[in-house]
Amino acid sequence: MLSRTSLPERGGIARTAAYLGLLMLVAPLLLFFSGGPAEALTLCVPKADETACIAGTMGSRAEPISGVDVILTKPDGTTETQTTAEDGRFAFEVTEAGDYLVGVDPDTLPKGSELRPPSEASLRGPDGSIKVDNVQLGKSYGPTLAVRAKGFSTSTSKWDEFLQSSVNGIRLGLLLALASVGLSLIYGTTGLSNFAHAEQVTLGGMVGYGLVNLLGWNLWIGGLGVMIICGFTGWFQDRVLWQPLRRRGLGLTQMMIVTIGLSLAMQYSFQFFAGADTKRVVVEQATVRTFGPITITDRSLAAMAISAVFLALVGFALLRTRVGRATRAVSDNPALAQASGIDTDKVIRLVWTVAMALAGLSGLLYALVVNGIKWDTGLQILLLLFAAVTLGGLGTAFGALVGALIIGLVVELSPLVIPGDFKYAAALLILILLLLVRPQGLLGRAQRVG
């Protein structure tokens, strides 16, 4: 005979069984929709007179590459980024006709690999990206981005690779020298290690983006505007911050910590106001020129020439002008220079102004060479700047030039013999080994301690 409590128990078992059955039916749907967003990136349907699709695959169909950030540069210079799905696919929906560039963030590529540019120069962007010409609404376009392992390819000799890397190293060295010379002059005249100096490089690129891309200024006029604006920031910094701190007798260690705080403030200001994506100063494709085994863009050639001219002007000013001699006197012995009638505050303020102007110009040229500037660009090259200044000799402008050229060559040549991920470490290793032998740097003067 059944008890009264057995019926509720049977009802509970039935309900439990029903819930389990419903869960088994719904679970596959939940799994399907949970994996949907990754595949949704590859779905793009063009609409007549409304949208077009630029979709493709990273790698190949046989070996797709996932987790790579693909960057689309639009005709107005803005960018959009997507991460490739498991099948290596990406898709951008665009709403305006025009020319587009499709590239990748090299930091997201698999280790030991790099973007392989198209063999046709007309399809190749200045950073190895693919140019998609004359995009029309209502159509689909499908570039395929391939990668290759770093090192020597089967079609290129080691000598050709060496020549190409050497030219790239000289280019990087000149751009680093343009910024590190000012950093060295600041250290020489004030004894301050300015960790915010690299952010002035970023500021130069950002100001150039605003003047040239957003306001439509001519590139040459925009470059002059970058130098004026960045030079004013140097004058303003010394007038309202560094000079009052010096007069209050603040120690160099405390002032160095202030520069670190200023660096962080500038970095996150860039990210807040300009965003985290890459800003391109000039959207148009650069002309690629070939000199034997060396391939280089016209922008790189112009950047190298401009850097060399301004470095020569700085060297001439330091050696042949009255202001230059006063600057060297303050760098050698500030107390003696002041006792000799030199206004050290004016000299230091001039050094800050010129140093920031050169750093801003370096940032603009760097943005043109690498085809973009980001909020953390200065952070990426900060150690290279300090390595160049220390290698050449602290406080010596010509030493910073020599050190920057050496660092640039080491960074670009080291991937020929070691994995490319260690190229910055190789530059710092060279610095450490040299300082073990010559602590004062290449052109620095030995000083007695104690």
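The values are calculated or read from the model by the stated rules, or taken from the named source; none is laboratory data. Please read these numbers as outputs of a predicted model, since none were measured by experiment. Don't worry about glycine lacking a Cβ; one is built from the backbone with ideal geometry, like all the others, and counts go over all protein chains shown.
For segment 394-420, enumerate the residues that are free of Cβ contacts under 8 Å to residues at least 60 places away in the same chain and either of a type outside the set (Gly, Ala, Ser) or buried (at least 22 other Cβ atoms within 10 Å of the Cβ) (or both). So that I can check it myself, show each step before the final result.
Looking only at segment 394-420, we keep the residues that are free of Cβ contacts under 8 Å to residues at least 60 places away in the same chain, and these are 402, 414, 417-418.
If the condition is that a residue be free of Cβ contacts under 8 Å to residues at least 60 places away in the same chain and either of a type outside the set (Gly, Ala, Ser) or buried (at least 22 other Cβ atoms within 10 Å of the Cβ) (or both), then VAL402, VAL417, ILE418 are the ones that fit.
Please determine whether any residue of segment 337-352 is of a type outside the set (Val, Ile, Thr) and closer than 22 Å to ILE170 by Cβ.
No, segment 337-352 has no match at all.
Going by the conditions given, is SER300 closer than 28 Å to ALA426 by Cβ and hydroxyl-bearing (Ser, Thr, Tyr)?
Here the answer is yes, as SER300 does meet what is asked.
Criterion first (touching a helix residue (DSSP H, G or I) at 6+ places or on another chain (Cβ under 7 Å) and either in contact (Cβ under 8 Å) with a residue 12 or more places away in the chain or at positive phi (or both)) does GLY372 satisfy it?
The answer is no for GLY372.
Of the residues that make up segment 430-445, is at least one in contact (Cβ under 8 Å) with a residue 12 or more places away in the chain and over 22 Å from GLY188 (Cα atoms)?
yes
Can you tell me which residue in segment 329-343 is surrounded by the most Cβ atoms within 10 Å (Cβ to Cβ), limited to those that are part of a helix (DSSP H, G or I) and without any contact (Cβ under 8 Å) to a residue 40 or more places away in the chain?
ALA337
Looking at segment 277-291, I want the residues that are within 15 Å of ILE130 (Cβ to Cβ) and have a partner that is modelled with pLDDT under 85 and among the charged types (D, E, K, R) with Cβ atoms under 7 Å, at least 6 apart or on another chain. Which pairs are those?
Close Cβ pairs (under 7 Å, with a partner that is modelled with pLDDT under 85 and among the charged types (D, E, K, R)) amount to GLN285/LYS131; VAL288/ARG124.
Looking at segment 227-241, is at least one residue touching a residue at least 12 places away in the same chain (Cβ under 8 Å) and within 25 Å of THR73 (Cα to Cα)?
No, segment 227-241 contains no residue that is touching a residue at least 12 places away in the same chain (Cβ under 8 Å) and within 25 Å of THR73 (Cα to Cα).
If you check every pair at least six apart or on different chains, which have Cβ atoms under 6 Å apart with a residue in segment 91-104 that is within 17 Å of ALA286 (Cβ to Cβ) first and a residue that is aromatic (Phe, Trp, Tyr) and part of a loop (DSSP other than H, G, I, E, B) second?
Pairs that qualify, where the first residue is within 17 Å of ALA286 (Cβ to Cβ) and the partner is aromatic (Phe, Trp, Tyr) and part of a loop (DSSP other than H, G, I, E, B): there are none.
Do we have GLY399 as modelled with pLDDT under 85, within 24 Å of PRO334 (Cβ to Cβ) and of a type outside the set (Asp, Glu) here?
Working: modelled with pLDDT under 85: no; within 24 Å of PRO334 (Cβ to Cβ): yes; of a type outside the set (Asp, Glu): yes.
Criteria not met by GLY399.
Which of (1) under 15 Å from GLY188 (Cβ atoms); (2) under 15 Å from the mean Cα position of the chain (by Cα) is the odd one out, the single condition LEU368 does not satisfy?
LEU368 satisfies every listed condition except (1).
Need a quick list: helices (runs of 4 or more DSSP H) entirely within segment 147-255 having at least 1 residues that are of a type in the set (Gly, Ala, Ser) and crowded, with 24+ Cβ neighbours inside 10 Å.
In segment 147-255, 158-190, 197-208, 219-237 are the helices (runs of 4 or more DSSP H) which contain 1 or more residues that are of a type in the set (Gly, Ala, Ser) and crowded, with 24+ Cβ neighbours inside 10 Å.
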